[in-house]
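What follows is a set of notes on a single structure, which appears directly below.
The values are calculated or read from the model by the stated rules, or taken from the named source; none is laboratory data. These figures come from a predicted structure and were not determined experimentally. Here the Cβ is made from the backbone with ideal geometry for all residues, glycine too, and neighbour counts use every protein chain on show. Just the protein is used for accessible areas: all its heavy atoms, side chains included, with ligands, DNA and RNA removed. Shrake-Rupley method; radii C 1.70, N 1.55, O 1.52, S 1.80 Å.
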Amino acid sequence: MNVSYQWLKALSPELTQSPQEVAEMLALRGAPVEELTALAPGLEGLVVARVLEVLPHPDAARLSVCRVEAGGEELQVVCGAPNVRAGGFYPFAPPGARLPGGREIGRATIRGVESHGMLCSEAELSLGPDADGILELDGGRTPGEPLAGALEMDDWRLDVEVTANRGDLLCHAGLARELAPAGTAGVALPPIPGGQPLSLDLESGEASASSHGVTVRIEAPDLCLRYLGAVVRGVKVGPSPAWLAARIRAAGSRPINNVVDATNYVLLELGQPLHAFDLGKLKERTVVVRLARDGELIRTLDGQDRRLTEGMLAICDAFDPVAIAGVMGGLDSEVTECTTELLLECALFHPSSIRATRRALEMSTDASYRFERGVDPEGMALAVSRAVELVLATGGGTPDPHILDACPRPWSGLVVPLRPSRVKTLLGITLSAREIAGLLAPLGFEVAEAGRDRLDVRVPGFRSYDVRREVDLLEEVARAYGYDRFPQELGPFRPGTVPDHPLFRLEDELRDLLVGEGILEAQTMAFAPEGEGAVELNNPISAQEPFLRRSLLPGLFRRVEHNFARGGRDVRLFEVGTVFAPGGEDGTPREESHLAVVLTGARAPLHWQGESPPLDLWDLKGLLARLIPGACLEGARLQERVPQGRRVDPEGGFSLLGPGGDLLGYGGRVESGMLDAPAWAAPVWALEIALPAEPDPRPTPLHRPPPAFPGVDRDLALLLPKGLPASQVGEAVRTAAGPFLADLKVFDLYQGAGVPPGHRSVAFRLRFQSEERTLTDRDVERALGEVTKRLREELGVEPRA
C-alpha cells in the first residue's frame, strides 16, 4: 500500500511526527513500512517563476524572449515553447540548478540573445511525457517559492505492508486512524479545493431503486448486499487540476482524467472502490447486478475480451454486461472526453465472490484487492458523496438530488462481549474497564458496560471483517496499549499439565542431535511445482507452485544450489517438516512428518596440516546410525539399493526398511541433474526418513551405577559371504551370546590374501560383563561357542582361521 505522508497529515492535522517517526509508529501497530521514498529528488533548486512579458526573438521565428520574475529578481529567458504567456506561472531552473536528469543549467547565448536559466516542461522535470510545452502551474503562486511545494511534491511515500485481515488499512483514512493522537475522532476529511458540501438524499429500495429515469436493481442479493448509484449531468471530462494529479501521483498512481481520478482519489482516501459509467451508454439507463450467463463476453478497460461463466457476478445494463463486479469495468461504457452524464457506482460485494471471479479470470486490480478483504459497509454513502463533490469541483455539472440505493441486505453492526478479567489472563496486565474503553474508543469501537465483568463492544463497519470474537478485541487492546510497554519480567504462571505430543518431542530431540553434529536447520515452503507434488491446492499462492510437496529433499536441493551460487562449498542442512500424499475417498490428503539431510563438501574444516577428504557414503550411513535410535526406528534394517525415482543413485545408495519390509527412508549420492552444481562442487549426499506418527513415549531415565566387576573382551573374526550385511550378523551374535554380553562393536574389515573369493573378514569385539560376579573363562567360552554354532547353522558363517 503506497501512502502519501502529506495526505496523512491533511487527514490528521495533529500528526506532527516526521516520516521516519510515522514509519516507526506504524510498525508498532502491526503495519511495518518496507520503504520510505522522498518524492522530490532532483527538484532541489528549482523555483516558481511568473512571466512578466513575452517578446518575439529578433533572429528566430520559433523562439520567444521572456522576462520572468523569480524570487525578487527579474531575468531574461529564451524559450521555444508556444504556450508561454504573460502573467502565467511556470517551473524555472535558475543558473546553477540541476534538472532531474542531471543536466546543469547555466547562462547561455541563443541566436544572439542572452538567456539566464530555463523554463521547464513536464518531460524535462521527469513528471510526464509532455515535452511540447512548458508546464503551466495554477494561479496564486509566489514567484521564487520552491517548485516541489508548488507541485505538492514536498512529500514522502511510505510503502506499508498490510496483512490480509486488515483491509481497513488499505486507505489513507484507515492509517490516519491508527496514527492520529485522538484516534478516529482526530481524523477529518480535508476540504476539496473548489468543492461545496452536498446534501443528497438516498432513494432507497430493497432490491431496486429508480429516480429521474435511472434504475438500479440487484438480482443476486447473496453476492451484492448494497448498490448505490449517483447521477451527475452536464460534466466536462478533462485533465485533473494540479492538486488532484499531485495527490494521485504521491500515492504511486497515474492521473487519467478528472472523473477517473475522482474515483481513484476516494479509493485511496477511504478505501471504497468506485466506478464511473457513461450513463448515455447504458441501455434503458438501467443497471442490473446479476449472475453472468455462461459464455457471456465483455471487453474490459484493458482491451481484453473476457468470457464469463455461471456464478460470476456481473454489472449489466438492461441486456448485456458492462462491468465485472468488483474487478474491472467494460470498455463499452467507459467515460471519455465526449461523456456528459455519469453514473457513479458504489457497491458492497461479498468478498469470496470477488476472489473467485478474480482467480478464474486471472486478473487483479486495486478494486478487487480491496473488495476481497472487505470494504466498510457503513462508509458507502460518505464515499459516493465525496466522489460527487470531487466531480463537481473538477468537471462541473449538476447532480440528481437522489442517490439510488438498492439494499436487499441492510447492514447491522456487530456487538462482541469482552471480559476485563480475560485481559489479565491472556495479556498478563491488569486494566480496568475504563482503561480498556479508553484504549478501544480511539480505534472506533463503542464500549458500554453490561455487567460486573462484561463490556459490550460495538465493532465499527471498517473492522467488521476481522474483529468478530473476544480474542480479536484482546489483540486490539494489546496493540493500543503498545507491545513495547509490556513488562519484560516473567510473572507467576501455572504450568500446563498436558504433555507435548510424543512426535513434537521426538522432532525437538532430532533437531538437538543434528545441530550437535554441526548441521544447520533449514525451513522451506511446503508448496511445490507439479513435478514435486501430488496434492493440488484449490487456492495456490503462486501459479508456479500449485501443489503440496511429497518430499523434503527438492527444497533442500534448492538451498544447496543457493549456496553453490555464492561460492559455498561445504553445506550441511537438515529439515524436519510435513509431506503430503493423496488421501482416501474423502479426498483429505495424508500427512507425514519427515526428516531430510543433505551434506556436501569436506569432512573437516581446512587445516594447515592438510586438506580433509570429502564426505562420502560412510559419513551418511554413520549419521543414519545415530539417527535411527533417536527417531524411534529400532528394528529397521538397511538394504543396499534404492527404489527408482528417489533422486539418489539407485546402485550407490541404501534403503531403510521397517520390520515388515515397508520403506521408511532412503539415502545416497544425489543423481547428476537433480541440482545445478558447479564443476568444483563435491558430491552431494542426501537422506530422507519418515518419522513415526505415534512414537512410543521415551522411557524415564534411570540411574545405574558403574559395574562393580570387571569385563572380559573377546575378538571374533568372521568370514562373511558377499551380500550378507554385517548388521544381520551382529543381531545373530546378540541373540546367541546370552545375558552376559554387554557390548558389541565392529573394529576391522579385511579383504585380500587369506580370505576366500566372494568373502570378507569382519572382526567383532564382544565385551562380557556381569553385575553380580566376576565371569570365568568357562562362562565366556560357553557364550562364544553358542555364537559360532548359531552363525554356522543359521547364516553359514565360519570364524576366520
Flagged in the range 387-404 as among the β-branched types (Val, Ile, Thr) and farther than 14 Å from residue 340 by Cβ, in numbering order, are 388, 394, 403
Scope the range 641-657; condition in contact with a Gly (Cβ under 7 Å, 6 or more places away or on another chain), in a loop (DSSP other than H, G, I, E, B) and either surrounded by fewer than 20 Cβ atoms within 10 Å (Cβ to Cβ) or of a type in the set (Val, Ile, Thr) (or both); matching residues: 642, 649, 652
Could you check the range 688-773 for strands (runs of 3 or more DSSP E) lying wholly inside it with 3 or more residues that are open to solvent by less than 30 Å² (accessible area, probe 1.4 Å), farther than 25 Å from residue 631 by Cβ and not β-branched (Val, Ile, Thr)? 712-721, 759-768
Looking only at helices (runs of 4 or more DSSP H) that lie completely in the range 303-408, which have at least 2 residues being β-branched (Val, Ile, Thr)? 351-361, 380-395
Report yes if some residue within the range 96-106 is out of contact with any His (no Cβ under 9 Å at 6 or more places or on another chain), under 30 Å from residue 172 (Cα atoms), touching a residue at least 60 places away in the same chain (Cβ under 8 Å) and not hydrophobic (A, V, I, L, M, F, W, C); otherwise report no. no
Just one of the numbered conditions (1) open to solvent by less than 30 Å² (accessible area, probe 1.4 Å); (2) at negative phi is not true of residue 146; which one? (1)
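For every residue, the table says whether it meets (1) in a loop (DSSP other than H, G, I, E, B); (2) under 34 Å from the mean Cα position of the chain (by Cα); (3) aromatic (Phe, Trp, Tyr).
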{"residue": "221", "(1), (2), (3)": "yes, yes, no"}
{"residue": "227", "(1), (2), (3)": "no, yes, yes"}
{"residue": "230", "(1), (2), (3)": "no, no, no"}
{"residue": "235", "(1), (2), (3)": "yes, no, no"}
{"residue": "239", "(1), (2), (3)": "yes, no, no"}
{"residue": "247", "(1), (2), (3)": "no, yes, no"}
{"residue": "259", "(1), (2), (3)": "no, yes, no"}
{"residue": "267", "(1), (2), (3)": "no, yes, no"}
Scanning the range 498-544 for residues that are part of a loop (DSSP other than H, G, I, E, B), at pLDDT 90 or above and open to solvent by less than 80 Å² (accessible area, probe 1.4 Å), the one farthest from residue 695 (Cα to Cα) turns out to be 529
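Is it the case, given these coordinates, that residue 205 is under 23 Å from residue 386 (Cα atoms), modelled with pLDDT under 95, open to solvent by less than 40 Å² (accessible area, probe 1.4 Å) and under 32 Å from the mean Cα position of the chain (by Cα)?
No; evaluated as a whole, the condition is false for this residue.
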So which of 620, 595, 638, 624 ends up being crowded, with 16+ Cβ neighbours inside 10 Å, in a strand (DSSP E or B), modelled with pLDDT of 90 or more and of a type in the set (A, V, I, L, M)? 595
Scanning the range 416-472 for residues that are among the charged types (D, E, K, R), without any contact (Cβ under 8 Å) to a residue 24 or more places away in the chain and assigned to a loop (DSSP other than H, G, I, E, B) gives 452
Among the residues of the range 224-232, are any open to solvent by 40 Å² or more (accessible area, probe 1.4 Å) and under 27 Å from residue 461 (Cα atoms)? yes
Do we find that residue 63 is part of a helix (DSSP H, G or I), out of contact with any Pro (no Cβ under 6 Å at 6 or more places or on another chain) and either closer than 24 Å to residue 185 by Cα or at pLDDT 90 or above (or both) in this structure? no
